[in-house]
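Trainee: Sending over a structure as structure tokens; questions will come in a sec.
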Amino acid sequence: MHAMQFKLGVIVNPVAGLGGSVALKGSDNVIEQALALGAEPKANLRMQQALNQFVDLIDKVQILTAAGEMGQRCCEELGFATQVVYSAEATFTSEQKLMTTEQDTLAAVAALVAENVDLILFAGGDGTARNICASIAESVPVLGVPAGCKIHSGVYGVTPKASGCVVRRLIQGELVTLAEADVMDIDEVAFRQGTVKAKRYGEMMVPSDLRYVQSVKMGGIESDELVLTDIAADVIADMEDEYYIMGSGSTVAFTMAEMGLENTLLGVDVVHQHQVIAQDLTAGQLLELLDGKDCKLVITLIGGQGHVFGRGNQQLSPQLIKQIGRENIIVLATKSKLSALQGRPLIADTGDAELDQLLSGFIRVTTGYRDYIMYRIANPEYEDS
């Protein structure tokens, strides 16, 4: 048996930052010129500085990346085994150096997302972040390693080492807050003429500094009622015209109470348009009611061992969970409850070994209003005893 590895996606924009050292104030559309002036690519070196922060955890991380200069080389030079999921077309500059494009970045991101990586770590500048932001789902966490001339976005670590330290914490299973960060970029043509015009292009979910308990909560100690109110507010704010399956447990019950709705504490109810449309349903009734409908499942930890499936919610059958999809599962928990697990993973014990495997890996857990952490779900079949 073996413990599950953290699935890390790695992307390097090998031409990021080329223009900086030769005073071109950016790299957009000036790659040939920068190389002709003697610029040396630095993005791979910066990614290696980040990877070095957890190279001793090599057995706990699985790296998926793009071929050659887009990630494979720098990872393998440090001894990491890599799985290549994308290869850029061999387009070269006049100096016969590989030149990648925005399309390569987009394609590499798509390939990593398809592999269900836990985090995408990328080296680049604001242009790279902008490309990734345009093509990635909000549910996929990312973190930037600063390697460009322009770093105005909030998705980067302050240094490559800082980015690597955050990833190290994730690999070790520490509670790391997820936060939405702005993606910014500037008009390089205007910048070269002395004008800074920064523009916001969106936001991405990034792991931020370690924060076990929010300091605003009762002097640093979580007050259950305040935290549960925040958790409920986050769920309610995001409710759309879908069907919400509300699972068992006191945290879900508190969310129902905040909506002014009756709740079956030890059962499963269905909410649509902020109204309860069915209560205390069996597995068969849930399948019949929700067949062909867009659904989200709201669940919490049941019992002290961290079960999210298999204890107190057997109405949530493997067939229903597969129908809903992992991306539509909303897990709620206070940080104090997660801390009480002392690093043990959440447990999915659905009775379907294949489904348990699909559910395993890091999942976003709502721990407050717009406050999330990444926490691991275990596949009991593959965990060390």
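Every number in this text was worked out from the coordinates using simple rules, so none of it is lab data. Everything numeric here is computed off the predicted structure, so don't read it as measured data.
Trainee: What span do the alpha-carbon atoms of the range 330-372 cover on each of the three principal axes, reported in whole Å from largest to smallest?
Mentor: Sorted from largest, the Cα extents of the range 330-372 read 32, 22, 14 Å.
Trainee: Is the C-alpha gyration tensor of the range 104-184 telling us rounded, prolate or oblate? Criteria: a/c under 1.5 is rounded; beyond that, a/b larger than b/c is prolate, otherwise oblate. The partial results should precede the final answer.
Mentor: Details: a/c = 1.65, a/b = 1.09, b/c = 1.51.
Oblate, since a/c reaches 1.5 and b/c is not below a/b.
Trainee: Could you tell me which of the pairs K293/K337; K7/K322; K7/K293; K161/K322 are separated by over 29 angstrom between their Cα atoms in the structure shown? Numbers along the way, then the final one.
Mentor: Details: K293/K337 32 Å; K7/K322 22 Å; K7/K293 31 Å; K161/K322 39 Å.
Beyond 29 Å: K293/K337; K7/K293; K161/K322.
Trainee: In addition: Tell me, rounded to the nearest percent, the portion of alpha carbon pairs in the range 218-382 spaced more than 24 Å apart.
Mentor: Working: 3947 of 13530 pairs.
So the portion of pairs separated by more than 24 Å is 29 percent.
Trainee: Let me ask another. Take the eigenvalues of the Cα gyration tensor for the range 230-291, scale each by 5, and report the square roots as semi-axes in whole Å, largest first.
Mentor: Numbers: eigenvalues 69, 37, 15 Å².
For the range 230-291, the semi-axes come out at 19, 14, 9 Å.
Trainee: Would you kindly state how much longer the chain becomes between V84 and E102 on full extension, computed as 0.36 nm times their sequence separation minus their alpha carbon distance, in nm to one decimal?
Mentor: On the way: separation 18, 0.36 × 18 = 6.48 nm, distance 1.85 nm.
Once the chain is fully extended between V84 and E102, it gains 4.6 nm.
Trainee: For the range 237-276 and the range 288-329, what is the centre-to-centre distance using only Cα atoms, to the nearest Å?
Mentor: Spelled out, the Cα-based centre of one part sits 13 Å from the other.
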